[in-house]
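K.L.:
Structure below; questions to follow.
The values are calculated or read from the model by the stated rules, or taken from the named source; none is laboratory data. Remember, predicted model here, so these are calculated numbers, not experimental data. When we count neighbours, we look across all protein chains shown, and the Cβ atoms used for this are built from the backbone with ideal geometry, even at glycine.
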Amino acid sequence: MKSDSELMNQLAHRTNYLHAMTNQESQAIKQTLTLMYQDLQDLCIKHNLQLMLGGGSCLGAVRHKGFIPWDDDLDAMMPRQDYNRLIQLLEQGALGDNYEFSAPNPKNESVNTFLKIFLKDTKYIDLFSVNTPFPKGLYIDVFAIESTPKSSFARAFKGIISNGLEFCCILTHYAKYPSKELKEYMSLDKAMLRRYRLKRFLGHLVGVIPRRKWLWWFDLWAQTKQDNPLWTIPTGRRYYQGEIMPKTVFVPVKDGSFEGHTFKLPHDYDAYLTNLYGNYMQLPPENKRERHFICEIKLPDSQL
């Protein structure tokens, strides 16, 4: 069975419902994100934190020496200890007044199950953020890399619970932040509309527990205090079990080229990308290239 993201991506190629980004907008987004990431990397280098490109951004660095041509976001990842330290620095305003952020915490609800860093005075609204109270600027996603338990049984158990908690976070988002834009988009495909309605129904059931608690519980559960030989990214595209790899795949980080800048990559980026994409150097067919579900964009005038 295809995932929601796969079905939504297929639908995006068959409809003109979403905002059609111009080449000028795409280039401006990429330039702005690159400058944002440079600011973030400078902060991490200053405090000896290991930040590296992840997901499609790592793929872009290796295959295209920059952004994937049809992509327009930036994904980063870092070991949990460094990730927690980065959040502390952000809370202290170390990245400057131009930025704001959201991450799971015990007091307030966050945008997602991972850290998102937003550039103020910009706007990047997609189908899932259009009716939410969270920041809506251009953003960088930062994913925590977690150590896993030594026992294969404990890893499997931790992965199952992790995935379940993350699913509850998704369900409660559907129920708490409905939007006519998302419903209209899902209504373009009968299978997607059925899934949307089911998720909203289930979201109301699990929503008897506040969404901020589900997010915080997930973040706490995903962590393993001991530094063991296998690491994973619970919030990654292949979830807990699918992202498990040796620690040496990730660290120590190494230099890579991205849009004319030197950004850090996982130590064995070939193993990392092969696990995610298989033959990652082969371009996917046009109808399977990932699209983002954008409703509205506003960028700094200096970038347009």
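K.L.:
Inside segment 26-42, can you point out the residues that are among the hydroxyl-bearing types (S, T, Y) and either more than 14 Å from S57 (Cα to Cα) or in contact with a helix residue (DSSP H, G or I) (Cβ under 7 Å, 6 or more places away or on another chain) (or both)?
P.N.:
The first filter runs over segment 26-42 and keeps only residues among the hydroxyl-bearing types (S, T, Y), leaving 26, 32, 34, 37.
Within segment 26-42, S26, T32 meet the criteria.
K.L.:
Just give me the residues in segment 112-137 being of a type in the set (A, V, I, L, M, F, W, C), at pLDDT 95 or above and in contact with a helix residue (DSSP H, G or I) (Cβ under 6 Å, 6 or more places away or on another chain), in sequence order.
P.N.:
Here is the first cut: in segment 112-137, the residues of a type in the set (A, V, I, L, M, F, W, C) are 114-115, 117-119, 125, 127-128, 130, 134.
Add one more test, that the residue is at pLDDT 95 or above, and what stays is 114-115, 117-119, 134.
Correct list: L119 only.
K.L.:
Do the conditions hold for W231, that is, is it touching a Pro at 6+ places or on another chain (Cβ under 8 Å), on the phi < 0 side of the Ramachandran plot and not acidic (D, E)? Break it down stepwise before answering.
P.N.:
Details: touching a Pro at 6+ places or on another chain (Cβ under 8 Å): yes; on the phi < 0 side of the Ramachandran plot: yes; not acidic (D, E): yes.
In short, yes.
K.L.:
Moving to a separate point now. Within segment 128-147, identify whether any single residue is closer than 28 Å to F250 by Cβ and surrounded by fewer than 17 Cβ atoms within 10 Å (Cβ to Cβ), and answer yes or no.
P.N.:
no
K.L.:
While we're looking at this one, here's another question. Being within 30 Å of P229 (Cβ to Cβ) and of a type in the set (V, I, T) is the filter here; which residues of segment 55-111 pass it?
P.N.:
V62, I87
K.L.:
From the residues in segment 152-192 that are hydroxyl-bearing (S, T, Y) and in a loop (DSSP other than H, G, I, E, B), which one is farthest from the chain's Cα centre (by Cα)?
P.N.:
For segment 152-192, the residue satisfying everything is S187.
K.L.:
Moving to a separate point now. Name, by its number, the condition in (1) touching a strand residue (DSSP E or B) at 6+ places or on another chain (Cβ under 9 Å); (2) over 26 Å from N287 (Cα atoms); (3) surrounded by fewer than 21 Cβ atoms within 10 Å (Cβ to Cβ) that does not hold for A103.
P.N.:
Unmet condition: (3).
K.L.:
Using the structure shown, decide if G159 is within 19 Å of L40 (Cα to Cα) and of a type outside the set (K, R).
P.N.:
Working: within 19 Å of L40 (Cα to Cα): no; of a type outside the set (K, R): yes.
When the stated conditions are applied, G159 does not pass them.
K.L.:
Give the residue, chosen from L215, L220, that is closer than 15 Å to S110 by Cβ and touching a helix residue (DSSP H, G or I) at 6+ places or on another chain (Cβ under 8 Å).
P.N.:
On inspection, the qualifying residue turns out to be L215.
K.L.:
Any idea which residue in segment 67-98 is modelled with the highest pLDDT, counting only those that are in contact with a His (Cβ under 9 Å, 6 or more places away or on another chain) and within 20 Å of L283 (Cβ to Cβ)?
P.N.:
So the first thing to find is which residues in segment 67-98 are in contact with a His (Cβ under 9 Å, 6 or more places away or on another chain), and the list is 71-73, 82, 85-86, 89, 94.
Filter once more, keeping what is within 20 Å of L283 (Cβ to Cβ): 71-73.
On the way: D71: 88, D72: 87, D73: 92.
Going through the qualifying residues, I end up with D73.
K.L.:
What residue, of D227, D219, is within 16 Å of the chain's Cα centre (by Cα), within 28 Å of F153 (Cβ to Cβ) and not hydrophobic (A, V, I, L, M, F, W, C)?
P.N.:
D219
K.L.:
Let me ask something else. Failed condition for W70, given (1) in contact with a Lys or Arg (Cβ under 8 Å, 6 or more places away or on another chain); (2) buried (at least 16 other Cβ atoms within 10 Å of the Cβ); (3) not β-branched (V, I, T), with all others met?
P.N.:
(2)
K.L.:
Only one of D42, D97, D82 is closer than 23 Å to I297 by Cα and either acidic (D, E) or touching an Asp or Glu at 6+ places or on another chain (Cβ under 7 Å) (or both); which?
P.N.:
Every option except D97 fails the conditions.
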